[in-house]
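Quick note: the coordinates plus some simple rules give every number you see, no bench work behind them. Just so we're clear, the structure is a prediction, and the values are computed from it rather than from any experiment. Cβ placement follows ideal geometry from the backbone for every residue including glycine, while neighbour counts extend to all protein chains displayed.
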């Protein structure tokens, strides 16, 4: 919620028109849209996963949902704001990252903006661990999160999760999940955004992340 409030402030300062429209690429379960949608007259949410779209439909029933890959999506419409949160981290190569940026550019109205929120750029990345969990009615969960970079010479890093799940008096189940994410230097982000046509500035947030606020020049 605090994170979404920060995004709201950025967008509120962006001189959006009355009754603006929003496209989110890689919306996941729709948690960001749940907070941001009140700023917009029209909200369209896309994700590559039909399961995540189903979760988002339950949270944001009034929003349009479409299954699409952010690298190739073409909706045939333009929006005042295009938003890509941490789903951009799944772009593992510069070529894929550029494709996602091109999708954002194509769907931006002239003088519209795109906000990209990667978890890290190469200069800010730090290995980390986290853990937590909680107890519910008759069931409990504990997790361990481990983020590391096995090869500092490439454009990828790894986050692994271990979940311990217990329901009632049944034996505890252990699940493991691993995610490979993209990691690019700040200069590469700026170069690619400029190449596709955006005018970009970097905003630092309270988590010390680089957010890229990109504007499509007016026509």
**Q.** Taking the chain and dividing mean pair separation by its residue count, relative contact order in percent (alpha carbons under 8 Å, at least six apart)
**A.** 17 percent
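How much of the DSSP beta bridge set in the chain is antiparallel, as a percent to the nearest 5?
70 percent
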Q.
Under 8 Å for C-alpha pairs, at least 6 residues apart: give me the relative contact order for the range 128-182, rounded to a whole percent.
A. 29 percent
Q) Most mobile of 183, 144, 59 per a Gaussian network model of the chain (Cα springs, under 10 Å)? A) 144
Q) Of the residues 167, 156, 102, which exhibits the maximal mean-square fluctuation in a Gaussian network model of the chain defined by a 10 Å Cα contact cut-off? A) 167
Q.
As an exercise, find the ratio Rg/Rh for the range 128-182 from alpha-carbon atoms, using the Kirkwood inverse-distance average for Rh.
A. 1.14
Q: Please check which bits of the range 43-61 a label hung off residue 161 would reach, taking the label as a point 7 Å along Cα-to-C-beta and the cut-off as backbone N under 14 Å.
A: 52
Q. Points 7 angstrom from Cα along the Cβ direction at residue 72 and residue 148: gap in nanometres?
A. 3.5 nm
(Q) Checking the a/c ratio against 1.5 first, then a/b against b/c, what shape does the Cα gyration tensor give for the range 1-49? (A) oblate
Q: On a 0 to 90° scale, report how tilted helix 2-12 is relative to the longest principal axis of the chain, with both axes built from alpha carbons and the result rounded to the nearest 10.
A: 0 degrees
Q: Tell me the label-point distance for the pair residue 206, residue 13, using the 7 Å Cα-to-Cβ offset, in nm and rounded to one decimal.
A: 1.5 nm
Q.
Between 0 and 90 degrees, rounded to the nearest ten: what's the tilt of helix 186-196 against the longest Cα principal axis of the chain?
A. 50 degrees
Q. Taking the chain as a Gaussian network, where each spring joins two C-alpha atoms under 10 Å apart, which residue of 29, 182, 132 fluctuates the most?
A. 132
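Assuming R0 = 30 Å, can you tell me the calculated FRET efficiency for the pair residue 64 and residue 93, based on Cβ-Cβ distance, to the nearest 0.05?
Rounded to the nearest 0.05, the efficiency is 0.50.
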Q.
Debye calculation, C-alpha points only, no solvent: report log10 I(q)/I(0) for the chain at q = 0.16 Å⁻¹, in the same order as the q values.
A. -1.16
Q: Could you let me know the centre-to-centre spacing of the range 31-81 and the range 157-219, using Cα atoms, in angstrom?
A: 18 Å
Q. So what is the calculated 222 nm ellipticity per residue for the chain, using -39500 (n - 2.57) for each DSSP H run with n of 4 or more, over all residues, to the nearest 500 deg cm²/dmol?
A. -7000 deg cm²/dmol
